[in-house]
Amino acid sequence: MIPLSAFLVFSAMLFCIGLYGVLTRRSAIVTLMSIDIMLNAANINFVAFSAYSSPFELSGQVFTVLSIVIAAAETAVGLAIMLAVYRLKGRMNVRLLKELKW
Amino acid sequence: MWVEWAWLIPVFPLVAFPLILFFGKKIPKGGGLLAIVAVALSFILSLLVLVDVTQGNLPAAASGAEGEGGGEGVAVYESSMTWAGVPGMKSPLEVGVQIDHLTCLMLIVVSLISLLIVIFSIGYMAHEEAKPRYYAEISLFIGVMLGLVVANNFLLLFIFWELVGLCSYLLIGFWYKKPEAAAAAKKAFLVTRVGDILFLVGIIAIYNSFGTLNFQDIQEQIKAALAGNALDVGALTTMALLVFGGAVGKSAQFPLHVWLPDAMEGPTTVSALIHAATMVNAGVYLVARSYFLFEHAPDALLTVAWIGGVTAFMAASMAMVQHDIKRVLAYSTVSQLGYMMLALGVGGYSASMFHLQNHAFFKALMFLAAASIIHSMNTNDMRQMGGLRKKMKLTYITMTVGVIAITGVLPLSGFWSKDEIIVTVFHSGNLPLLFLAVLTAFFTAFYMFRLWYLTFAGEPRSDEAGHAHESPYIMTAPLIILAGFAATTGFIGTPWWPRFQEFVRWGEHGEAGFDLVSAGLMGLSVGVAVVGLYLAYVLYSRKSASPDDYISAGAWRSIHKLVTEKYYLDHLYLAFANKVIYGFSRLSDWFDIKVIDGAVNGISNGAVGSGERWKRLVSGNVQHYAVGIVIGMCLLLLLMAYALPALSGLLGDWPGLSNWHWWEGWGW
């Protein structure tokens, strides 16, 4: 049986890849994708813990489905904002949103 | 018993003041008529009060202490009411009137001369635009001066004293559009203010040591202390000198005399009022009124005498080189006031008051005569005048009376009082002061006849002088009346019939008697007057010697320069103001800007500056925020991993995590 730590290491790697993408890439699309990667890392954790702690309850899987739905909604909203930014600025760069700071 | 209505005397002009101010345009002569009526009422009431006092017709209940030192057997009428007081005060502040012989004298002098000056003003100010303002301020001035005279305590006197200062400011700066007039008004106000401060400090000192400000009460206390041999002469001297400081400012004594000559920028009638009847007399009156402070303080008296003597001499010397007719009269006023102070300082109380009265008449006369000349010539410069004796007969005759009166030639008024002062100084045994007094008499004769020759004698020296014309009767009539008084008021105080000295006296009996010494001094004072007259005649009428010959070279030149530059006192004050006061102001300014403003600005700059720094954190870049989140989360993790277990000893079992190890139980 694959030990839990293998899943956790994998999800940590996924999370770090996503984090790296969020922190470094300027394109809004890539940022949204990276955020999804981070969410998925969390989802893997959910499933892994669920499978190891209470294999017959599926509570982690349910959480994961919920999380995926919410991630979809979040991506939709994010894309909508980015579309608006694109219409305004002609580019899709998260650094263009500096005006919102005040 | 008119004396009970004495409080009304200052009220008439004071009521006229707002009426003229607001409705002056609707009153005939721009409010002048109302001013005349008000002052005339005051004068009539003053006369009635005088009659009451001379006949001893005072209310029995209210007649005050039959004083010993304050003039033996002189009845004093006093009536007052409480104005304000708080528990713990030694005595409440009061307002009230005090009528004694000195008050009567001042009331008559002030109201009569003011009345004549206001009548004169109708003619003099006929072409003036702002007549209501003029008459309103004149009424206020006369009212507060009368109030100052009847006040029964130092505080009330001080209030009127300050109001007199205010009125002088308003009237000297009457033509406020002229920069010189505005500057002169400010100068008069500020210079007299120096004295006023001293006076105020003196009043506080008096209240501290006597517990009252009432003249009569203080006098009683001093008498009691004297009887009990418990008089603190040092404290008394201090108080007397502080009060005298006020008088120095108001009466334009050295070294605060500098405001008076500049005050000539006002209308000439105002000069007459300030310099003859009201303001400058206030200082002499103050010393006379508080003479109970001075009489037992020899040092204070000596100071008064010396200040008076030096003032008389300096002012007379400066009067000799002026070309402006009003300035000659101004310095002459300062000089004569110095005489009065000198007399007070050597104990010549009645002589001083006698001179005050005579001087008021002849100086008012001369100022009004000068006003009459200025009215027809439109210039003050005596070099432009000359030959006016034919053009302005009445002015010429009345002015001549005034000139003879002030120089002290028999038998006009100035002779009697000036002679009495010189005799008193002689009896005091102070020879330097006697020398100053006699020298001043000589100077006085010289500058007065210089004025007389330059103005009236010879031929006209300008077109204006050639076309000069006599002033209307409304102006010449007061001149004639004043000339009558200037000629005759001396007779009520001759050594053979000292009616005046018996009326206004301060425990001095038989001193002013007539003997060989006073006859000699009389001869001396007339002699120096005649010498002065002759010198003026030689220099300005016969012209066998020109004054320019003397002032062009040698020691005379430097003396002339010293005198024309007013002994460099104005320079000194200006330098003092420029260097010391301005330096201190700049220091204060620096302190204000650098330290006080610096603290305030520093705090705000610190806030703004730190905000500038901190705001870089809020870059608006989402990714920066994300980094922040990541770092924060890492810190939280570290906290949970290491800090919380380390703290568990301190916190006990508080979050319930002491035995929780996150890395355990995961099946590593």
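In the range B:193-205, the residues that are touching a residue at least 60 places away in the same chain (Cβ under 8 Å) and farther than 16 Å from B:Ala235 by Cβ form Cβ pairs under 8 Å with partners that are in a helix (DSSP H, G or I) and among the basic types (Lys, Arg), at six or more places apart or across chains, as follows: B:Gly195/B:Lys250.
Do any helices (runs of 4 or more DSSP H) lying entirely in the range B:572-642 carry at least 3 residues that are within 13 Å of another protein chain (Cβ to nearest Cβ), and which ones are they?
Because the criterion is at least 3 residues that are within 13 Å of another protein chain (Cβ to nearest Cβ), the helices (runs of 4 or more DSSP H) in the range B:572-642 that meet it are B:622-638.
Here the range B:85-102 is the region considered, the condition is being free of Cβ contacts under 8 Å to residues at least 60 places away in the same chain and either buried (at least 17 other Cβ atoms within 10 Å of the Cβ) or in contact with a Leu (Cβ under 8 Å, 6 or more places away or on another chain) (or both), and the residue that is farthest from B:Tyr291 (Cα to Cα) is B:Gly85. Might you check whether a residue that is over 20 Å from B:Ile119 (Cβ atoms) and either in a helix (DSSP H, G or I) or modelled with pLDDT of 75 or more (or both) occurs anywhere in the range B:27-47? No: the range B:27-47 contains no residue that is over 20 Å from B:Ile119 (Cβ atoms) and either in a helix (DSSP H, G or I) or modelled with pLDDT of 75 or more (or both).
All told, A:Asn40 meets the bar of being surrounded by 12 or more Cβ atoms within 10 Å (Cβ to Cβ), more than 14 Å from chain B (Cβ to nearest Cβ) and polar (S, T, N, Q). When you look at A:Arg95, is it under 22 Å from B:Gln623 (Cα atoms), within 13 Å of chain B (Cβ to nearest Cβ) and in contact with a strand residue (DSSP E or B) (Cβ under 8 Å, 6 or more places away or on another chain), yes or no? So A:Arg95 does not fit the description; no. Just so you know, in the range A:44-63 the residues that are among the hydrophobic types (A, V, I, L, M, F, W, C) and away from every other protein chain (no Cβ under 14 Å) include one that is surrounded by the fewest Cβ atoms within 10 Å (Cβ to Cβ), and it is A:Phe56.
Yes or no: A:Leu66 under 30 Å from B:Lys615 (Cα atoms) and either aliphatic (A, V, I, L, M) or more than 12 Å from chain B (Cβ to nearest Cβ) (or both)? So A:Leu66 does not fit the description; no. It is to be established whether one or more residues within the range A:19-28 are at pLDDT below 90, over 21 Å from B:Met633 (Cβ atoms) and part of a helix (DSSP H, G or I). So far as the range A:19-28 goes, yes, one or more of its residues are at pLDDT below 90, over 21 Å from B:Met633 (Cβ atoms) and part of a helix (DSSP H, G or I).
Among the residues of the range B:404-432, those identified as aliphatic (A, V, I, L, M) and either crowded, with 24+ Cβ neighbours inside 10 Å or in contact with a strand residue (DSSP E or B) (Cβ under 7 Å, 6 or more places away or on another chain) (or both) are B:Ile404, B:Ala405, B:Ile406, B:Leu412, B:Ile421, B:Ile422, B:Val423, B:Val425. Could you check the range B:391-426 and list, in sequence order, the residues that are of a type in the set (Ser, Thr, Tyr) and closer than 17 Å to B:Leu439 by Cα? B:Thr407, B:Ser417, B:Thr424, listed by residue number. Among the residues of the range A:3-17, those that are within 27 Å of A:Ser54 (Cβ to Cβ) and either of a type in the set (Gly, Ala, Ser) or within 11 Å of chain B (Cβ to nearest Cβ) (or both) comprise A:Pro3, A:Leu4, A:Ser5, A:Ala6, A:Phe7, A:Leu8, A:Val9, A:Ser11, A:Ala12, A:Phe15. Selection of helices (runs of 4 or more DSSP H) fully inside the range B:267-311 by the criterion of at least 1 residues being out of contact with any His (no Cβ under 9 Å at 6 or more places or on another chain) and over 25 Å from B:Ile117 (Cα atoms) returns B:279-289, B:291-294. A residue that is under 17 Å from B:Met320 (Cα atoms) and not aliphatic (A, V, I, L, M) occurs nowhere in the range B:574-591.
Of the candidates B:Val284, B:Val258, B:Val280, B:Val270, the single residue that is closer than 16 Å to B:Thr192 by Cβ, touching a Leu at 6+ places or on another chain (Cβ under 7 Å), of a type outside the set (Ser, Thr, Tyr) and surrounded by fewer than 23 Cβ atoms within 10 Å (Cβ to Cβ) is B:Val258. Applying the criterion of being within 10 Å of chain B (Cβ to nearest Cβ) and touching a residue at least 40 places away in the same chain (Cβ under 8 Å) to the residues of the range A:18-29, the residue that is nearest to A:Met82 (Cα to Cα) is A:Ala28.
Against the list (1) more than 24 Å from B:Leu617 (Cα to Cα); (2) surrounded by 13 or more Cβ atoms within 10 Å (Cβ to Cβ); (3) out of contact with any helix residue (DSSP H, G or I) (no Cβ under 8 Å at 6 or more places or on another chain); (4) of a type outside the set (A, V, I, L, M, F, W, C), the condition A:Ser11 fails is (3).
Scanning the range B:172-227 for residues that are among the basic types (Lys, Arg), in contact with a helix residue (DSSP H, G or I) (Cβ under 9 Å, 6 or more places away or on another chain) and surrounded by fewer than 19 Cβ atoms within 10 Å (Cβ to Cβ) gives B:Lys178, B:Lys186, B:Arg193, B:Lys223.
Starting from residues that are within 14 Å of chain B (Cβ to nearest Cβ) and touching a helix residue (DSSP H, G or I) at 6+ places or on another chain (Cβ under 7 Å), keep the ones in the range A:69-88 and report whichever is surrounded by the most Cβ atoms within 10 Å (Cβ to Cβ). Among them, the one singled out is A:Met82.
Looking at B:Lys418, B:Lys393, which is the one that is within 16 Å of B:Met522 (Cα to Cα) and of a type in the set (D, E, K, R)?
Within the list B:Lys418, B:Lys393, the selection yields B:Lys418.
A:Ala41 - would you say it is more than 13 Å from the chain's Cα centre (by Cα) and either closer than 18 Å to B:Ile629 by Cβ or part of a helix (DSSP H, G or I) (or both)? Against the criterion (more than 13 Å from the chain's Cα centre (by Cα) and either closer than 18 Å to B:Ile629 by Cβ or part of a helix (DSSP H, G or I) (or both)), A:Ala41 does not qualify.
The values are calculated or read from the model by the stated rules, or taken from the named source; none is laboratory data. Please read these numbers as outputs of a predicted model, since none were measured by experiment. Please note: Cβ atoms are built from the backbone with ideal geometry, for glycine as well, and neighbour counts cover all protein chains shown.
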